[in-house]
Amino acid sequence: MLHHRKNRWMYGLLACIVAISVNLATPTVSQAGFFENLLRGVLIWGVQSYQISNLSDAQEQDFGQQIHNELTRSGQVKLYQNQRVVSYINEIGQRLARQSTRPNLNYKFFVVEDDSVNAFATMGGYNYVNTGLIKTAANEAELASVIGHEIGHIAAKHSLEQMRMQARNQGILAATGLDSSQIVQLGVAIAVDYPNSRSDETEADDLGFNMLTRVGYAPEAMASFMKKLMAANSGGGGRPPEFLSTHPATNDRIVRLQNKAARYSGNPQGSLYAEGLNQQRYRSRLSPLL
């Protein structure tokens with residue numbers, strides 16, 4: 001019933017616009033602009049558009065939930081369900097997120113049942129870590145370095161920036177912004193297909209590194225894990241870690257992180273930054289998976 005009333009209202013308004021236009025034989029420029037804007041408003045009535053750069057935290061989290069629903073519904077992401085493992089990953093993630101530059105987001109951490117070595121994040125605080133990456137990490141600090149890096153992408157709103165760029169490249173970025181379905185479709189594509197830029201990777205490294213040290217994790221873990229992945233990639237004979245295709249690593253990044261970590265090793269309080277290196281404890285917490 002409401003739909004029919006809405007249509008009658010729209011048709012009535014359009015009829016009024018046409019009638020007024022007929023009575024104005026030669027409309028002025030200002031009149032023409034007024035009617036053009038009014039007609040445009042009628043045609044998009046009921047379709048909510050969003051300016052990506054102006055999304056509130058609540059809107060960003062809502063779209064993150066919609067993207068998550070689509071990723072799982074479509075089968076592109078299969079969630080690992082063992083609660084002991086999932087709770088452990090969430091525990092690590094929440095400790096790091098509290099030290100991020102956007103601590104007020106409602107961060108969520110999921111384990112993806114996939115043996116490829118990968119992790120990714122979407123808007124609104126949604127983080128995903130593959131079982132393959134969890135198995136590859138030698139200890140909690142190495143895993144935390146990846147999770148912190150992904151939180152860094154969220155904190156810096158890199159997926160929103162990528163979304164704006166992809167929408168512009170595809171010619172779907174209107175002056176009024178994007179509608180919700182476009183945001184979700186782009187969000188899914190960015191999550192699974194598009195690599196991050198080198199500058200975004202560097203920023204996420206720095207933000208993640210800061211989170212690591214604030215929590216007390218060993219700062220050398222980020223560089224050591226990245227170096228391990230690059231060695232696996234250059235070794236040949238096997239499938240390169242998927243993480244490197246979406247998070248391009250370079251020797252320069254590793255050297256930067258090693259230099260940042262070295263500043264802590266010479267610190268008289270360096271022992272405060274040595275958490276997460278106990279491999280036996282790590283494997284014990286993950287025993288249902290390993």
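Worth pointing out:
- Among the residues of region 99-113, none qualifies, meaning not one is part of a helix (DSSP H, G or I) and either among the aromatic types (Phe, Trp, Tyr) or crowded, with 16+ Cβ neighbours inside 10 Å (or both).
- Residue in region 205-219 that is out of contact with any strand residue (DSSP E or B) (no Cβ under 9 Å at 6 or more places or on another chain), surrounded by fewer than 18 Cβ atoms within 10 Å (Cβ to Cβ), more than 15 Å from Asn259 (Cα to Cα) and at pLDDT below 90 present: no
- When residues of region 153-192 are limited to those that are touching a Gly at 6+ places or on another chain (Cβ under 8 Å) and among the hydrophobic types (A, V, I, L, M, F, W, C), the one surrounded by the fewest Cβ atoms within 10 Å (Cβ to Cβ): Met163
- Residues in region 174-207 that are more than 15 Å from Ser49 (Cα to Cα) and either assigned to a strand (DSSP E or B) or in contact with a Pro (Cβ under 9 Å, 6 or more places away or on another chain) (or both): Pro195, Asn196, Ser197, Arg198, Glu201.
- Annotation note: of Pro288, Pro241, the sole residue that is under 25 Å from Asn82 (Cβ atoms), at pLDDT 90 or above and part of a loop (DSSP other than H, G, I, E, B) is Pro288.
- The residue that is farthest from Glu70 (Cα to Cα), counting only those in region 178-229 that are basic (Lys, Arg) and out of contact with any helix residue (DSSP H, G or I) (no Cβ under 7 Å at 6 or more places or on another chain), is Arg214.
- Any hit, region 63-75, residues being farther than 19 Å from Ser180 by Cβ and either out of contact with any helix residue (DSSP H, G or I) (no Cβ under 6 Å at 6 or more places or on another chain) or part of a helix (DSSP H, G or I) (or both): yes
- Residue selection: Ile151 satisfies the criterion of being part of a helix (DSSP H, G or I) and either more than 23 Å from Ala221 (Cα to Cα) or out of contact with any Lys or Arg (no Cβ under 7 Å at 6 or more places or on another chain) (or both).
The values are calculated or read from the model by the stated rules, or taken from the named source; none is laboratory data. What you are looking at is a predicted structure, and each value in this text was computed from that prediction instead of being measured. Using ideal geometry, Cβ is built from the backbone for each residue, glycine included, and neighbour counts are taken over all protein chains shown.
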